[in-house]
Ligand SMILES: [Zn+2]
């Protein structure tokens with residue numbers, strides 16, 4: 001029996017530098033501009049079914065009609081309707097590095113009824129609850145990176161009179 005030669009794995013280093021700009025178009029562009037300039041989330045309302053479309057879209061997918069300029073400013077407060085607490089570091093594709101754990105992500109139902117996936121500030125598993133009230137914490141500087149203009153959602157306490 002002849003001994004098989006060890007298979008050689010060849011590694012090739014490829015260095016790329018591909019900076020590019022991505023046009024967000026008029027609808028997402030307006031959302032991202034409001035986030036960057038005013039720390040605000042906006043949606044657009046369909047004239048037919050009256051649904052809020054978030055992120056804003058040019059065409060209502062339910063009615064298949066063009067949505068005009070009925071812009072609605074959203075609260076940046078909402079309720080956690082789902083969350084995931086990752087026990088391992090998460091690879092952040094935007095920054096190209098591992099982010100430490102725990103780092104909970106959540107689906108937040110904003111007070112106007114639309115949903116936004118984002119990070120939570122709270123990392124204590126005992127304090128993470130469905131139905132917890134949260135509010136966006138915005139970057140003070142360096143905005144202009146879309147949803148990254150929000151650092152995370154922070155747990156808020158509200159009185160019953162709110
Ligand atoms: Zn519609």
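Here residue 131 meets each of (1) closer than 20 Å to residue 33 by Cα; (2) surrounded by fewer than 17 Cβ atoms within 10 Å (Cβ to Cβ); (3) touching a residue at least 40 places away in the same chain (Cβ under 8 Å) with one exception, condition (1). Of the conditions (1) out of contact with any helix residue (DSSP H, G or I) (no Cβ under 8 Å at 6 or more places or on another chain); (2) more than 16 Å from the ligand (Cβ to nearest atom); (3) under 19 Å from residue 156 (Cα atoms), residue 113 clears all except one; give me its number. Failing condition for residue 113: (2).
For residue 139, the conditions (1) more than 16 Å from the ligand (Cβ to nearest atom); (2) over 21 Å from residue 29 (Cα atoms); (3) surrounded by fewer than 16 Cβ atoms within 10 Å (Cβ to Cβ); (4) in contact (Cβ under 8 Å) with a residue 12 or more places away in the chain are fulfilled apart from (2).
Within region 52-92, the set of residues being assigned to a loop (DSSP other than H, G, I, E, B), under 20 Å from the mean Cα position of the chain (by Cα) and within 16 Å of the ligand (Cβ to nearest atom) comprises 54, 55, 56, 57, 58.
Taking region 42-51 as the range and being more than 17 Å from residue 25 (Cβ to Cβ) and more than 7 Å from the ligand (Cβ to nearest atom) as the test, the residues that pass are 45, 47, 50. Selection of region 25-48 for residues being touching a residue at least 60 places away in the same chain (Cβ under 8 Å) and assigned to a loop (DSSP other than H, G, I, E, B) yields only 39.
Readers should treat all values here as calculations from the given coordinates under stated rules, not as data from a laboratory. Keep in mind that what you see is a predicted model, and the values were worked out from it rather than measured. Ideal geometry is used to build each Cβ from the backbone, glycine not excepted, and the neighbour counts take in all protein chains shown.
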